[in-house]
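Shown next, in structure tokens, is the structure this report addresses.
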Amino acid sequence: MIAEPTLLSRSVQKENSVVDVSSCASVHHVSSERNENRQKTVRGKRKARECSENAKRKHSKSSNGSLGRAENEQLKNGDVEAVTLFEVVSMGRNAMQAVVDDWIDAYTGDRDSALLDLISFFIQCSGCKGMVTAEMFQSKKGTDVMSKMVEDLDEDTGLQYKKFLAFPWILTVTWPLDMDSGEYPLIMSGLYWKRFRSHFCEFVSVLVAQCQNCVIFDGYLLNTLISLLTELSDSRVRAFRHTCTLAAVKLLSALVNVALNLSVSVDNSQRLYEVELAKMASKRASPRLDRIQRKISELQDRKCEIENMMDAIFKGVFLKRYRDVIPEIRAICMEELTVWMKLYSSVFLNDSYLKYVGWMMHDKQPDVRLKCVLGLQALYQDQSSSKMDLFTIRFKERMISMTLDKDHEVAIQAMRLLMVISQSCEDVLSPDDHKNVFQFVYCSHRPLATTAGEFLYNRLLSNHELSKPRDGASDQERHRELVLARVRALIHFHTENELHQHVLYLVDSLWDSAGALLKDWTGLTSLLLPHTSCQEQALSSAEEAFVIELILASVRQAAEGPPLSGRGAGKKVINTKEKKLQIDDCTKLTEHFIKVLPELLSKYSEDAEKLASLLKIPQYFQMDTCDHENSQCVRALLAELEAAVDRHTDAGLLEAAARSYQSLCAQDLPWHSLARPSFDRLIQHWTDTLGTRLGESLSDGCFTANEDSTLEFLSTLKKLNAFNVAQDLSKWSLYELGTRLLDVEIKHSGLPMEVTIEALRCMCSCILWKLNTFGEGLTSRESALQQRSQLRAFCEKCHRCLSHAEQLVREQAFMCLSDVLIAHNYQLQMWDSSAGTPLLYTPDPKLQKALLSFVVEHVFTSPEQDTHSSKVSESECGDGRLEDLHRRRNLLAAYCKLIVHSVLEMSMATELFKQYVKLYLRLKQEQDRGNTCSSRVQTYSSIKELARRFSLTFGWDQIKSRESLAMIHRDGIEFVFKGFVQQSEKHSPPYISYLTILSEFSSKLLKPDKKTIYSYLQKFAGEQVINNREESWMPLIYYRASLMGTAEGEDAISFISSDTNKQPSLSNRSRSPSIRQVNSEGDQRFLSPSLEPKGNELLKSSEDSKVQQAPLSREQLSSSLVSDKVLRSSDEVDVDTVDIDG
């Protein structure tokens, strides 16, 4: 709050008199401080009332007091008594009209004093903590006056000042130096100051509106006010510039309203004059005509004067500030400019003013661009597009491109702008423009997608030509024809664009605008069912497929609602009204499709793709709303489901059928008694068939089935696997069947590859179900041992399959192993001790090694090595290489999950980074030779970033991960210096870049371990190599610095110094407790429970030894800072780029 100004006694003289207005404005940032100040100064205000001009005017209300009525209004409401204009305006808009009326009364009595109060108000609103002095201007020497117009620093007083001409005064504003960086009311946060901004703008508007019939045309008030605002808006001080620019443009907006009123008065007077002139000469009153003519002339003169004032503000303020460095000022200018164009189009709506909006649509700040777009929306909606033809042609491409704006709100409003333009100007947007804009229905940002969907609906689906009924058609037929026309328009749009085929995202984008069409399931399904009266309008097969996808997407949208995957950070929280609407929609779709779906399934029983989509619909039924009255429809649905899965073996269809059976067979539902027996009969039939065929196909332990039997056997196994994923089928002994099949393959081989893969899937699903249900009740020791034996046996079989001749079998075995081990680890973490003995299983070292070898062989091997071909065709560089990249990423993700879920030791991750470095260096060499066909680029810094993110998974508990981290560093050092001879080698090792990656894990080490690892590094590299400062050895220097950065909060790079004499003494090395003794000969190793010890020697560990590191001296600190500056550039060792596959 700005404290009360102390007004000195003012005597306005006719020649060169001086009036001082002390505007002490202490702006407080917290509202509590503001209230406290206000309470403390109430008594002071009352004491100062005798010497205050405002108080004198309040004391004698009859003598035109400027704030009397305003203060009475505030006091009636129980507010604090206000003294100045600033305080009254900041308190609220309740007394705005009264304070303006009081000020006008004061201006009528003493215009100089009242005007100085108004000037002081604008200075205070700028947050000025200074003084305003006013000197009457009477001199006619213009050069002398202009020489005084300055804004500078007074070195004697240490204050900034601005002297300028605001006729008839020369005003001098003085303020402290810190005002440039301080806050001021317009930018201060909080609800109070947001309201102040609106009150400030309203005060300017009300002031002009109340003065429009009196003092506004006296040639004194507005001239002075415009001069004041023009000069202060050109100040170097942001507070003055921002506040007075806002006041100036609001003043111009208020003058626009005055000009409009004058235009209306001129038109009315003109019509009155014409009516009087049309009378007969005998009845015509000449004096009346003269009075009307004089009034018209007077009104036109006033209008011309107002337009001159507007032009002065536009040229003096707008043209200087619309490209101000402050984005808030630019946004204010653009917002008000479009308001002027809309209100006073006869003057402002032309290309001379529109060009500024077009230019500022390229502004760097989104707020400015948003104001331009919102303003243009209002202009095009106002049916003023005929005056904007040239602007539309000139800036159409920019408006279209703004739909791609990085700011989502700007992009949304740009889309709405194009929608308005399309409605008001039919031929502006070409078909190609519409096609490009409609593509946004598939974008990831849902508000933008729904806006594009609204645009698409208004342009294509609500076209009046689509709704033309056929003569003689019934209401039902007319409705069907309308639905058919809209669906075909939607089909045309969907099939015309070749970029996306996501019907689900299209429905989500259209849901808010075309919900009535998408929820019309009766009309949509009528297009798929036979219709005798409209055979000529039957849909094609492709159109029927689209309608089915449209129905499925609308059913999912009604049952689950947004957001979709990729369109929102999380599940939307719906309110009670939305929840009720969702339940009603689910009830309607259930009642409709329970009757119609069996007929649709029967019609498309031979089409697996369409059938798969239709079979997903029962998953969204509202089961608790169904009753026994629909039992006949449920039986028909179950019969069609059984026929579909018996006829087809497509994976998608089987999965959809399994999920639908799961929904229909749920417990405590009306349909359970009908669906469960049908499901059990189906599974039993498949199990019997599988057992019979298996017995017939095995001869002396070998698989001897013919091709037809193998196909039947494989299809039955696929069906059982698909249903085993959705429901637990353990009671049908599927695990034993899968075990027999894998035993045949392991012992005798000869099992078809597809059968082997399905057997692995079958056993994996059974193990996962047992892990899921294990521990639900009391678990005996015998049961736990049996489960562990089964788990171990399955892992051994998968281990053997990792060396299978077929790659697909190897990959399936790896994925099954990963899923089972992760599920087992999760089951241990969630184990309830009251359930009994847990199921414990740890993969043996051979299995861990086999998993790592598999990843190295199948992930970090390029497609060229897989195919033993150095020449890759162009097609292989396309879809095939992309599919191979996805396959390898999935395998790598599965292995990383094993590490993250603590199935494998953290130290196993070091092998992955070794392979990344090897792959990076090999690809870089291939790129240098020009042997690459990939256009995607991978930088070494991204590998380093991957290591940094992985290091974060160790958390804050350094003791817990101490051993794993030590193993990572040990293995990394050995990997880098493998085969390196200290004395003879002059060049750096080939994989020395790996030390840069290894340094990302140094921050997680304990201080004693850093010392020990540094000693281990010295054993491999040697003192001479460690002190080498050549560029090729920079990763070693960086890694060494990361190990030596032991002081709390110190940067590793600050330890990269050329001063090698300040190394820590080897005799004072601390010894890591993570070092274990592994043999009787005293060799020491960094150990992991899953790895066997190696033969490199380390120092003996001592749990008791601790090293106290001395603080850096002033000279050492200086040296470190200098070296930091020198070697910052050396940190860019990973700027090389290489091509990667995919």
Next item on the list: Output the qualifying pairs, or none if there are none: Cβ atoms under 8 angstrom, residues six or more apart or on different chains, first residue in the stretch 217-228 and hydrophobic (A, V, I, L, M, F, W, C), second residue crowded, with 18+ Cβ neighbours inside 10 Å and not in a helix (DSSP H, G or I).
Entry: 228/166; 228/171
Margin query: So, residue 656, is that one closer than 25 Å to residue 712 by Cβ and out of contact with any strand residue (DSSP E or B) (no Cβ under 8 Å at 6 or more places or on another chain) or not?
Written below: yes
Notebook entry, point to check: How about the stretch 799-829: which of its residues are closer than 14 Å to residue 852 by Cα and of a type in the set (A, V, I, L, M, F, W, C)?
Noted result: 802, 813, 814, 815, 817
Item checked: Matching residues in the stretch 322-347 - criterion: being touching a His at 6+ places or on another chain (Cβ under 9 Å) and either open to solvent by 40 Å² or more (accessible area, probe 1.4 Å) or not aliphatic (A, V, I, L, M) (or both) -> 324, 328
Note to self: Looking at 594, 583 in this structure, which one is in a helix (DSSP H, G or I), buried (at least 17 other Cβ atoms within 10 Å of the Cβ) and aliphatic (A, V, I, L, M)?
What the structure shows: 594
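Here's the yes/no breakdown for (1) open to solvent by 10 Å² or more (accessible area, probe 1.4 Å); (2) within 28 Å of residue 361 (Cβ to Cβ); (3) outside any helix (DSSP H, G or I):
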site: 433; (1), (2), (3): yes, yes, no
site: 437; (1), (2), (3): no, yes, no
site: 441; (1), (2), (3): no, yes, no
site: 452; (1), (2), (3): no, yes, no
site: 466; (1), (2), (3): yes, no, no
site: 480; (1), (2), (3): yes, no, no
Note to self: I'd like the residue in the stretch 684-709 that is touching a Lys or Arg at 6+ places or on another chain (Cβ under 9 Å) and surrounded by 18 or more Cβ atoms within 10 Å (Cβ to Cβ) and, out of all such residues, is modelled with the lowest pLDDT.
What the structure shows: 705
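Residue-wise test of (1) in a helix (DSSP H, G or I); (2) modelled with pLDDT under 85; (3) among the small types (Gly, Ala, Ser).
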site	(1), (2), (3)
846	yes, no, no
861	no, yes, no
899	yes, no, no
904	no, no, no
Notebook entry, point to check: Residues of the stretch 348-365 being buried (at least 18 other Cβ atoms within 10 Å of the Cβ) and over 17 Å from residue 395 (Cα atoms), which ones?
Noted result: 348
Check: Can you pull out the residues in the stretch 181-201 that are open to solvent by less than 30 Å² (accessible area, probe 1.4 Å), under 13 Å from residue 238 (Cβ atoms) and part of a helix (DSSP H, G or I)?
Finding: 185, 186
Notebook entry, point to check: Of these, 733, 709, 715, which one is in contact (Cβ under 8 Å) with a residue 24 or more places away in the chain, closer than 14 Å to residue 754 by Cβ and small (Gly, Ala, Ser)?
Noted result: 715
Notebook entry, point to check: Residues 742, 674, 751: which one is surrounded by 15 or more Cβ atoms within 10 Å (Cβ to Cβ), hydrophobic (A, V, I, L, M, F, W, C) and under 28 Å from residue 842 (Cβ atoms)?
Noted result: 742
Notebook entry, point to check: If residue 634 passes every condition in (1) of a type in the set (A, V, I, L, M, F, W, C); (2) touching a residue at least 40 places away in the same chain (Cβ under 8 Å); (3) surrounded by fewer than 18 Cβ atoms within 10 Å (Cβ to Cβ) but one, which one does it miss?
Noted result: (3)
Checklist line | Odd one out for residue 663 among (1) open to solvent by 50 Å² or more (accessible area, probe 1.4 Å); (2) touching a Pro at 6+ places or on another chain (Cβ under 8 Å) | finding: (1)
Next item on the list: Only helices (runs of 4 or more DSSP H) wholly contained in the stretch 724-810 count here; list those with 3 or more residues that are small (Gly, Ala, Ser) and farther than 13 Å from residue 820 by Cβ.
Entry: 781-801
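Assess whether residue 474 counts as being surrounded by 15 or more Cβ atoms within 10 Å (Cβ to Cβ) and of a type outside the set (Lys, Arg).
no
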Item checked: Pair list, Cβ under 9 Å, 6 or more apart: the stretch 205-216 residue more than 14 Å from residue 118 (Cα to Cα), other residue open to solvent by 20 Å² or more (accessible area, probe 1.4 Å) and modelled with pLDDT under 85 -> 210/97
Checklist line | Top-ranked residue in the stretch 550-582 [being among the aliphatic types (A, V, I, L, M) and farther than 27 Å from residue 640 by Cα; ranked as modelled with the lowest pLDDT] | finding: 569
Margin query: When the residues of the stretch 891-902 are narrowed to those that are open to solvent by 20 Å² or more (accessible area, probe 1.4 Å) and in contact (Cβ under 8 Å) with a residue 60 or more places away in the chain, which ends up farthest from residue 815 (Cα to Cα)?
Written below: 902
Item checked: Scan of the stretch 676-723 for residues that are under 21 Å from residue 766 (Cβ atoms) and of a type in the set (Asp, Glu), ordered by number -> 680, 688
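The values are calculated or read from the model by the stated rules, or taken from the named source; none is laboratory data. What you are looking at is a predicted structure, and each value in this text was computed from that prediction instead of being measured. In this analysis, Cβ positions are derived from the backbone assuming ideal geometry, glycine residues included, and neighbour counts consider all displayed protein chains. Note: accessible area is taken over every heavy atom of the protein model, side chains too, but ligands, DNA and RNA are not part of it. Shrake-Rupley method; radii C 1.70, N 1.55, O 1.52, S 1.80 Å.
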